[in-house]
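**Student:** One structure, as structure tokens, below. Some questions next.
The values are calculated or read from the model by the stated rules, or taken from the named source; none is laboratory data. All values derive from a computational prediction rather than experimental measurement. Because the Cβ atoms are built from the backbone with ideal geometry, glycine has one as well, and the counts that use them run over all protein chains shown. SASA here: full protein model, heavy atoms, side chains in, ligands and nucleic acids out. Shrake-Rupley method; radii C 1.70, N 1.55, O 1.52, S 1.80 Å.
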Amino acid sequence: MHKTAASVAALSIFMSGTAAFAEVSAQAVWDDWKGYMTGFGYTIDGSEAASGGTLTVSDVTMSMQIPEEDASVSMTLPQLSFVENGDGTVSIELPPVMPMNIRVDTPGDDDADIALEYVTDAFSMVVSGETNDLLYTYSANAVSLALKTLVVEGQTIDVGAAEMSVANLAGTTSMKVGNLRVSEQSMTTGPVSLVVDFKDPSGSGYLKMNSKYDTMSFDGGGSFPMNMNPDDMAAMLKAGFGFNGGFSYTGGATDFEFEDRGERVEATTSSDSGALQMAMDESQLAYAGTASNMKMMMAGGEIPFPVELAMQDTAFSMKMPLSKSDSAQEFALGLTLGDFTMSDMIWGIFDPAGQLPRDPATVALDLTGMGKLNFDVMDPAQMEAVERGQMMPGELNALTLKGLTVRLVGAELTGNGDFTFDNSNLETFDGMPAPDGAVNLKLTGGNALIDKLVAMGLLPEEQAMGARMMMGLFAVPGEGEDSLTSKIEVKPDGKILANGQRIQ
């Protein structure tokens with residue numbers, strides 16, 4: 001997985017016009033591009049011919065071994081041209097229609113030949129700047145990549161079509177070369193579309209999908225060691241490999257349908273905007289994503305009626321340490337499903353009389369903490385030792401509930417809390433580090449919700465009575481009608497208190 005990710009990153013840099021070159025001359029541009037790609041594990045071959053300030057490279061082959069799968073992948077391009085413009089800049093030219101061929105060799109029966117077609121309209125890529133501090137400026141009226149043929153074990157597979165197209169592409173990349181290659185990129189696009197029309201070769205089904213975005217953009221950068229080994233991600237991270245960047249879009253919409261053995265399902269999704277942020281270096285791995293005004297409709301298959309859902313705000317975030325450390329490191333987890341609604345048809349399944357409030361629901365969690373890792377997550381040998389129980393993964397030092405909100409069917413639960421953990425005391429709580437802290441909770445509308453559930457027959461009276469007894473044990477009346485509050489404290493000596501009263 002690690003090597004595949006690194007390989008895709010390297011190819012994407014080439015395809016988007018952001019390859020790393022060190023000199024503003026045709027030969028230097030090509031030589032440094034080769035050096036950059038070989039750093040990701042590729043072997044580069046091609047026939048070079050120089051004439052009048054233009055270096056033409058024909059029959060370019062990029063190949064890579066994948067030892068983990070005992071396989072190899074190679075890609076061929078017909079021609080690249082590096083043209084010295086006479087003003088200290090170099091233009092990189094591609095044929096308007098460029099076939100690309102990918103060969104996958106495996107030890108089993110899954111060898112494949114994939115033919116793609118890369119088409120550009122008014123493509124321009126110019127390299128400027130000074131040695132080891134270069135700027136790449138690129139643009140195109142349109143760019144598309146389409147699947148032309150797929151051959152598996154010598155047999156042509158009629159799978160249909162797959163094509164991605166981008167309009168009004170523009171961007172820049174700065175590249176500084178020292179002990180590391182450090183790049184900063186910025187890219188914008190106009191409309192983007194993805195079309196997939198796959199047919200099962202056995203004739204048992206198909207998949208059709210159309211995705212469209214009004215605009216897309218990318219901002220970010222990365223650092224790359226001069227000599228990288230994609231088979232050893234842990235070593236790459238220690239050598240300085242890292243990236244931090246994010247994609248965003250506006251006006252996203254997708255519709256798809258598929259059929260499998262006569263069972264057909266169709267769905268549509270849309271959102272006004274969204275973003276995905278990613279960061280990785282020796283110390284951390286982090287993801288964050290958002291979407292606004294998200295809508296979804298699904299029908300078919302075993303679903304007896306159309307399902308319609310919507311959320312005004314959707315977000316998730318995750319941050320975790322990656323490397324062994326003697327000091328505590330931060331981790332975090334966040335989730336927001338804001339203003340969730342669903343169609344009356346779904347409500348009618350369990351609340352046909354409309355007794356429950358159908359206001360938008362929200363679930364939100366914001367959790368952070370501090371902990372120590374006793375191993376490098378990206379080191380396979382250390383990970384295996386942890387999985388076998390030969391090494392303790394680490395220790396938890398602190399946990400903070402910054403915010404909790406659960407709001408639905410007329411009731412709302414909110415909370416926050418803070419705990420520290422004593423890892424020298426594993427006896428008091430049966431092997432768990434002794435906690436010290438408290439969580440504060442507030443519930444409004446809880447009793448009214450229980451009454452409604454009993455009236456609807458969804459909650460038996462005896463269970464409702466048990467729930468009320470538990471609320472009476474752990475909570476006290478709060479401000480306002482049908483309001484309860486609770487402060488749960490946990491002490492390192494094993495005591496547990498609810499609102500100052502010891503319950504354990």
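**Student:** Count, please, the residues in region 473-490 that happen to be more than 14 Å from GLY417 (Cβ to Cβ) and open to solvent by 70 Å² or more (accessible area, probe 1.4 Å).
**Tutor:** 4
**Student:** Mind checking which strands (runs of 3 or more DSSP E) fall wholly inside region 122-203 and carry at least 1 residues that are under 28 Å from ASP255 (Cβ atoms)? Spell out how you get there, then give the answer.
**Tutor:** On the way: elements: 124-130, 133-152, 160-177, 180-189, 192-199.
Output list reads 133-152, 160-177, 180-189, 192-199.
**Student:** Let me ask you something else. List the number of the failed condition for PHE305; all other conditions in (1) open to solvent by 60 Å² or more (accessible area, probe 1.4 Å); (2) touching a residue at least 40 places away in the same chain (Cβ under 8 Å) hold.
**Tutor:** Here PHE305 meets the rest and fails (1).
**Student:** Which residue pairs have Cβ atoms closer than 7 Å, lie 6 or more positions apart in sequence or on different chains, and pair a first residue in region 283-297 that is closer than 19 Å to LYS319 by Cα with a second residue that is among the basic types (Lys, Arg) and in a strand (DSSP E or B)?
**Tutor:** Qualifying pairs under 7 Å: GLN284/LYS319; ALA286/LYS319.
**Student:** Residues LEU453, LEU413: which one is surrounded by 15 or more Cβ atoms within 10 Å (Cβ to Cβ) and at pLDDT 95 or above?
**Tutor:** Checking each option against the conditions leaves just LEU413.
**Student:** On to the next question. List every residue pair whose Cβ atoms sit under 9 Å apart, with the two residues 6 or more apart in sequence or on different chains, where the first one lies in region 92-112 and is closer than 22 Å to MET125 by Cβ and of a type outside the set (Ser, Thr, Tyr) and the second, anywhere, is open to solvent by 40 Å² or more (accessible area, probe 1.4 Å) and part of a loop (DSSP other than H, G, I, E, B).
**Tutor:** Partner pairs satisfying both residue conditions: GLU93/PHE123; LEU94/PHE123; PRO96/PHE123.
**Student:** Something else now. Only one of ASP219, ASP158 is over 23 Å from VAL127 (Cα atoms) and out of contact with any helix residue (DSSP H, G or I) (no Cβ under 6 Å at 6 or more places or on another chain); which? Working first, answer last.
**Tutor:** Working: ASP219 fails: over 23 Å from VAL127 (Cα atoms).
On inspection, the qualifying residue turns out to be ASP158.
**Student:** For a quick check of your reading of the model, give me the residue pairs whose first member lies in region 335-349 and is among the polar types (S, T, N, Q), whose second is open to solvent by less than 50 Å² (accessible area, probe 1.4 Å), with beta-carbon atoms closer than 6 Å and at least 6 apart or on different chains.
**Tutor:** Pairs that qualify, where the first residue is among the polar types (S, T, N, Q) and the partner is open to solvent by less than 50 Å² (accessible area, probe 1.4 Å), are THR336/ALA315; THR336/ALA364; THR341/ALA310.
**Student:** Let me ask another. For region 183-193, name all the residues that are open to solvent by less than 60 Å² (accessible area, probe 1.4 Å), touching a Phe, Trp or Tyr at 6+ places or on another chain (Cβ under 9 Å) and of a type outside the set (S, T, N, Q). Walk me through it before giving the result.
**Tutor:** Taking region 183-193 as the starting set, the residues that turn out to be open to solvent by less than 60 Å² (accessible area, probe 1.4 Å) are 183, 185-187, 189-190, 192-193.
Going one step further and asking which of them are touching a Phe, Trp or Tyr at 6+ places or on another chain (Cβ under 9 Å), we end up with 183, 185-187, 189, 192-193.
Listed by number, the residues that qualify are MET187, VAL192.
**Student:** Let me ask something else about it. Using the structure shown, decide if SER273 is within 19 Å of the chain's Cα centre (by Cα) and open to solvent by 30 Å² or more (accessible area, probe 1.4 Å).
**Tutor:** It is true that SER273 is within 19 Å of the chain's Cα centre (by Cα) and open to solvent by 30 Å² or more (accessible area, probe 1.4 Å).
**Student:** Among the residues of region 302-328, which ones are at pLDDT below 95, polar (S, T, N, Q) and assigned to a strand (DSSP E or B)?
**Tutor:** none
**Student:** Output the number of residues of region 33-82 satisfying the condition of being more than 25 Å from LEU147 (Cα to Cα), open to solvent by less than 30 Å² (accessible area, probe 1.4 Å) and part of a strand (DSSP E or B).
**Tutor:** 2
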